[in-house]
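Encoded as structure tokens, the structure appears first; notes follow it.
The values are calculated or read from the model by the stated rules, or taken from the named source; none is laboratory data. Remember, predicted model here, so these are calculated numbers, not experimental data. Backbone-built Cβ (ideal geometry, glycine too); neighbour counts: all protein chains shown.
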Amino acid sequence: MFINNLSNQKQTEPYLQPAADSAKSPAEQEFLSIINELQSSQPKMQNGDLRMPYTLPSSSGESIQERTATLEKIFEETLKDIMKERGIESDPPFELATASDGHVYVKGGHPAKAEIEEIFSDNPEFENLFRGISGNHELIAALDTHVKFSEDYAINQLAAVMKWAYLFSDSNKYNASMSIDSDGNIVWSAVQSTV
């Protein structure tokens, strides 16, 4: 878990809980080691005390899409390993999303809903990773929409504003989720909502 830096105390490394936690399974410990390594490789921010979040690109040469793909691989491998350790099957398929309170939940009914959600409540940094990947997908979707709007705007400003008027609404946002099918294949998506 990230150290709370709200009291303006100097933050020291490592940022996350130690990888060698006897209460954690081997997959959970491996995950924490990987995240610690990712976080420690991030450049420090201008104030010099904190590093950039590991969910963001580590350099100007890495795109948000590339960083997100890397994080997805880590997430997917870890989820499958933890599910295997806990005896949770991906059949029937399920979908994960982030609730308004920030917790990861299984959408709809599923026989292992409580067990799947427990993976995240037991592993706050794994839940943080899910939220980070989801946020990246929402950002990528918004950027893609902006590019389409910009292209239309370059051709005909009035027509573009009329076509894309919903973009100027406060209720315009994207909601990301992750689905896993009965074969263990994982797909991320970000769907635009104007609610």
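What the table below lists for this structure:
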item	result
Residue that is nearest to GLN192 (Cα to Cα), among those in segment 142-159 that are surrounded by 11 or more Cβ atoms within 10 Å (Cβ to Cβ) and of a type in the set (A, V, I, L, M, F, W, C)	ALA142
Residue that is modelled with the lowest pLDDT, among those in segment 1-49 that are surrounded by 10 or more Cβ atoms within 10 Å (Cβ to Cβ), of a type in the set (A, V, I, L, M) and farther than 21 Å from GLU77 by Cα	ILE3
Boolean, SER121 is of a type in the set (Gly, Ala, Ser) and either outside any helix (DSSP H, G or I) or modelled with pLDDT under 90 (or both)	no
The lone exception for VAL104 - which of (1) touching a Phe, Trp or Tyr at 6+ places or on another chain (Cβ under 6 Å); (2) over 22 Å from GLU28 (Cβ atoms) it fails	(2)
Top-ranked residue in segment 166-189 [being modelled with pLDDT of 90 or more and among the hydrophobic types (A, V, I, L, M, F, W, C); ranked as surrounded by the fewest Cβ atoms within 10 Å (Cβ to Cβ)]	VAL187
Those residues of segment 72-95 which are out of contact with any helix residue (DSSP H, G or I) (no Cβ under 7 Å at 6 or more places or on another chain) and either part of a strand (DSSP E or B) or more than 16 Å from SER179 (Cα to Cα) (or both), in sequence order	LYS84, GLY87, GLU95
Unmet criterion (only one of (1) more than 17 Å from ILE186 (Cα to Cα); (2) over 14 Å from the mean Cα position of the chain (by Cα); (3) not hydrophobic (A, V, I, L, M, F, W, C)) for HIS103	(2)
Some residue of segment 127-138 being out of contact with any Asp or Glu (no Cβ under 9 Å at 6 or more places or on another chain), in a helix (DSSP H, G or I), among the hydrophobic types (A, V, I, L, M, F, W, C) and closer than 23 Å to PRO57 by Cα	yes
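Let's see how each residue does on (1) without any contact (Cβ under 8 Å) to a residue 40 or more places away in the chain; (2) among the charged types (D, E, K, R); (3) touching a Ser or Thr at 6+ places or on another chain (Cβ under 8 Å):
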| site | (1), (2), (3) |
| --- | --- |
| MET45 | yes, no, no |
| PRO53 | no, no, no |
| ILE64 | no, no, no |
| GLU72 | no, yes, no |
| THR98 | no, no, yes |
| GLY102 | yes, no, no |
| PRO111 | yes, no, no |
